[in-house]
Amino acid sequence: MKPKTKKMKLAVLISGGGSNLQAMIDRIEAGKLDAEIGLVVSNNPDAYGLDRAQKHGIPTAVVDYRKYGKKRLSRIPKGSLPREFVEVVNRQRIFSGLPPDELEDRLARLVLAEQEIIDLLDPLAPGLVCLAGFMRLISPYFIEHYNTEDRYRIMNIHPALLPAFPGTDGYGDTFTYGCRFGGITVHFVDEGEDTGPIIAQAIYPIWTDDSLDTIRKRGLELEYVLYSQCIQWLAQGDLQVVGGKGGRHQVRILDPEYPKFVEQLTQQAFAR
Ligand code: GRF
């Protein structure tokens, strides 16, 4: 950790167990991560991650997407949706193959829930929004609220070696495909599903006697280390976004210790 790195204010979005959240909390408390968590938001009122946050005195909130249920766009009062809604519909890349009416209904529900999260987060002015097992799609409305041209302010941890196996079951997909190595990816979030610029990845071996449970355990141990490290790099100013202008953005890691970090993490994953 570089001396005098300014603490980065985080908002963390979760849906479940929150073991990644716990790893961040532990590293912050151990002085290894220059950040503070201003708020944890869950879409699931029963998420164990909420208890974890509360145990450490971190404020929590629930935004239950189910309350927007089957709301139709035509029933949503004018003025409840943001003015940019039409652009959100045009820019979205998360739903495909839906009839236009259904697409607009789904996006409208999503945007209403996201507006609630934004209203909770804005007073904190988070430097970074961390998705940590947040199991809801994210619309361009939410993303554009935080990202600007080449300044990404939403990070995600994905349990597979992207671009392989995007979606909700990275470990399951890696295992059932018969891969000999699995991986995890920390990336910035853009408007596609798991398509944003990759920050860092780690790999683990899949041995012949492994099960889905054993590889998940191995991968999660890497997630805990890699996610916090990526946040720390951002806080230190060690992540630089390059490229773009019609091409893909890429992330340069400026920390000279990066190769050593990768070597140690790989050794950890391959230890028998
Ligand atoms: C992790 O495997 C993460 O990669 C994925 O969802 C899982 C969340 O686990 N996005 P937890 O809630 O942090 O324990």
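In this simple spin-label model, placing a label point 7 Å from the Cα along the Cα-to-Cβ direction at both ARG151 and ARG91 gives a separation of 1.6 nm. Note on the chain: GNM, Cα springs under 10 Å; of GLU223, GLU257, GLU193, the largest mean-square fluctuation is that of GLU257. The order of the peptides 135-142, 173-180, 234-241 by mean Cβ neighbours within 10 Å, most packed first, is 135-142, 234-241, 173-180.
With contacts taken as Cα pairs under 8 Å at a separation of at least 6 residues, segment 156-272 carries a relative contact order of 23 percent.
Let me know the whole percent of all Cα-Cα pairs from segment 1-146 that are separated by more than 24 Å.
It works out to 38 percent of all Cα pairs.
In the elastic network of the chain, a GNM with C-alpha springs shorter than 10 Å, the most mobile of VAL262, VAL189, VAL62 is VAL262. Length available on full extension from LYS245 to ALA271: 0.36 nm per residue minus the Cα-Cα distance, which gives 5.2 nm. Counting only the Cα atoms, segment 45-98 fills a convex hull of 159 Å³ per residue. No solvent, one uniform scatterer per C-alpha: report log10 I(q)/I(0) for the chain via the Debye equation at q = 0.08, 0.09, 0.15 1/Å, two decimals. Reported log10 I(q)/I(0), two decimals: -0.34, -0.43, -1.20. Full extension of the chain between ASP122 and ARG83 yields a length gain of 12.2 nm, computed as 0.36 nm times the residue separation minus the alpha carbon distance.
Placing a label point 7 Å from the Cα of LYS70 along the Cα-to-Cβ direction, the residues of segment 86-107 with a backbone N closer than 17 Å are 99, 101-107.
Computed from label points 7 Å out along Cα-Cβ, the spacing between ASP101 and ALA61 is 3.4 nm.
Here the contact order of segment 1-132, divided by its residue count and restricted to Cα pairs under 8 Å and six or more residues apart, works out to 33 percent. Taking every DSSP bridge with both residues inside the chain, close to 50 percent are antiparallel. The loop-placed GluC sites (Glu not before Pro) in segment 84-174, going by DSSP, that have at most 16 neighbouring Cβ atoms within 10 Å of their Cβ come out as GLU84, GLU149.
Each reported figure results from applying straightforward, stated rules to the coordinates on display, with no laboratory input. What you are looking at is a predicted structure, and each value in this text was computed from that prediction instead of being measured. When we count neighbours, we look across all protein chains shown, and the Cβ atoms used for this are built from the backbone with ideal geometry, even at glycine.
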